[in-house]
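Here's the structure, in structure tokens; my notes come after.
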Amino acid sequence: MDWQTFLAHIESDGLLLESAARAGLDDRVPCCPGWTVRDVVEHTGVVHRHKTLIVRGRLLENPAPPDPPETDLIGWYRTGLEELMSALRNSDPAERVFTWLPPDQSIGFWYRRMAHETLIHRVDAEQGHGEVSSIDSELAADGIDEVLTMYVGGYPAWGTFESGSAVARIECLDENAAWDIRFGRFTGTSPTSGLAHDLEAFVVIDRRADPAVTIRGTAAEINLWLWGRGKLDHLEVTGERELATGLRRICKESMG
């Protein structure tokens, strides 16, 4: 997807989130226990303004996030969305800034990340009111790729991925997109925190002829399931269903 398409989705999904907020802030969000629509708006607004600080200031260090307001939350959110859009539009995606992904320290990283951040949280806000607007299939397929190759499936160089034998395939029914992933374990000690890691993991691999499980659905259905906003029962699962459950478990441990 190109940068302008990401920008268009940030704007459209951001405005849909605002519309859901105007329908009521106190409704509970079913996929985020303990959260109301108000929490979604506060969180997304803080994230938008935090990334605006990074992009507008060309910051190379992670700044402290701003605090949400005590009044006029929706107006504050809308202003923050507009400021994020302005900051991105007036920036070169190739310029270097802080990101939490060492291999990609570019403004372009935030174009993509904010498009998916805004999409998922507008779904949260809409689910709070019981009805979710349509989701662009191309954006959803890119969201799957972000989860599988970067958000969860990418691991730092200081650790080791030990491959297992099980392979799962994910196929979109409405986009020409599919991924094969191999399960295994990631081990290593972080040089910054000193914490030792030993956890279930997966990596995307070249296409295999013999996946142990195949998971099919629309790009939107799969993307929402990976993010814990949809159910596995809404997807077509052929083969070892417990591997599909394990895939979501790994995503939950990494993303919540």
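The values are calculated or read from the model by the stated rules, or taken from the named source; none is laboratory data. On a predicted model such as this, the values are computed, not experimentally measured, just so you know. Cβ atoms come from the backbone with ideal geometry, glycine included; neighbour counts cover every protein chain shown.
Taking into account only those residues within the stretch 133-157 that are at pLDDT below 95 and among the hydrophobic types (A, V, I, L, M, F, W, C), which is surrounded by the fewest Cβ atoms within 10 Å (Cβ to Cβ)? Out of the qualifying residues, it is ALA157. Has the stretch 97-109 got any residue that is crowded, with 18+ Cβ neighbours inside 10 Å, touching a residue at least 12 places away in the same chain (Cβ under 8 Å) and within 17 Å of ALA219 (Cβ to Cβ)? The answer is no; no qualifying residue exists.
Residue count for the stretch 64-81 satisfying the condition of being touching a residue at least 24 places away in the same chain (Cβ under 8 Å) and not hydroxyl-bearing (Ser, Thr, Tyr): 7.
Looking at this structure, is TYR77 closer than 27 Å to PHE183 by Cβ, buried (at least 18 other Cβ atoms within 10 Å of the Cβ) and among the aromatic types (Phe, Trp, Tyr)? Step through it out loud before you land on a result.
On the way: closer than 27 Å to PHE183 by Cβ: no; buried (at least 18 other Cβ atoms within 10 Å of the Cβ): yes; among the aromatic types (Phe, Trp, Tyr): yes.
So TYR77 fails the test.
Can you find, within the stretch 158-206, the residue that is surrounded by the fewest Cβ atoms within 10 Å (Cβ to Cβ) among those that are of a type in the set (A, V, I, L, M) and free of Cβ contacts under 8 Å to residues at least 12 places away in the same chain?
Filtering the stretch 158-206 for residues of a type in the set (A, V, I, L, M) gives 166-168, 170, 173, 177-178, 181, 195-196, 199, 201, 203-205.
Those left that are additionally free of Cβ contacts under 8 Å to residues at least 12 places away in the same chain: 195-196.
Working: LEU195: 8, ALA196: 10.
By that ranking, first place goes to LEU195.
Every listed requirement among (1) at positive phi; (2) in contact with a helix residue (DSSP H, G or I) (Cβ under 6 Å, 6 or more places away or on another chain) is met by ALA168 save one, (1).
Evaluate the following for VAL203: is it within 19 Å of LEU101 (Cβ to Cβ) and not assigned by TED's automatic domain parsing to the domain that holds PRO102? Spell out the reasoning first.
Numbers: within 19 Å of LEU101 (Cβ to Cβ): yes; not assigned by TED's automatic domain parsing to the domain that holds PRO102: yes.
Yes: the conditions hold for VAL203.
Taking the listed residues GLY159, GLY184, GLY143, GLY188, the one that is closer than 30 Å to LEU7 by Cα and small (Gly, Ala, Ser) is GLY143, with no other qualifying.
For the stretch 13-24, which residues satisfy the criterion of being crowded, with 17+ Cβ neighbours inside 10 Å and more than 15 Å from GLU131 (Cα to Cα)? Residue satisfying the conditions is GLY14 alone.
For first residues located in the stretch 138-152 and touching a residue at least 12 places away in the same chain (Cβ under 8 Å), partners that are of a type in the set (Gly, Ala, Ser) and crowded, with 22+ Cβ neighbours inside 10 Å and lie 6+ apart or on another chain with Cβ distances below 7 Å form the pairs LEU139/ALA115; ALA140/ALA219; ALA140/ALA220; ALA141/ALA219; ILE144/ALA219. Can you say whether GLU242 is over 17 Å from the mean Cα position of the chain (by Cα), assigned to a helix (DSSP H, G or I) and of a type outside the set (A, V, I, L, M, F, W, C), as far as the supplied structure shows? Yes, satisfied. Taking into account only those residues within the stretch 85-96 that are in contact (Cβ under 8 Å) with a residue 24 or more places away in the chain and in a loop (DSSP other than H, G, I, E, B), which is surrounded by the fewest Cβ atoms within 10 Å (Cβ to Cβ)? Per the criteria, the residue is GLU95. Of HIS116, HIS50, HIS121, all but one fail to be out of contact with any helix residue (DSSP H, G or I) (no Cβ under 9 Å at 6 or more places or on another chain) and part of a helix (DSSP H, G or I); the exception is HIS50. Selection over the stretch 191-213 of residues that are at positive phi and either touching a Ser or Thr at 6+ places or on another chain (Cβ under 6 Å) or not small (Gly, Ala, Ser) (or both) gives a count of 0.
Exactly one condition in (1) more than 25 Å from PRO30 (Cα to Cα); (2) out of contact with any Pro (no Cβ under 7 Å at 6 or more places or on another chain) is not met by ARG249; state its number. Answer for ARG249: the failing condition is (1).
Looking only at residues in the stretch 207-235 that are among the β-branched types (Val, Ile, Thr) and not in a loop (DSSP other than H, G, I, E, B), the one that is surrounded by the most Cβ atoms within 10 Å (Cβ to Cβ) is ILE222.
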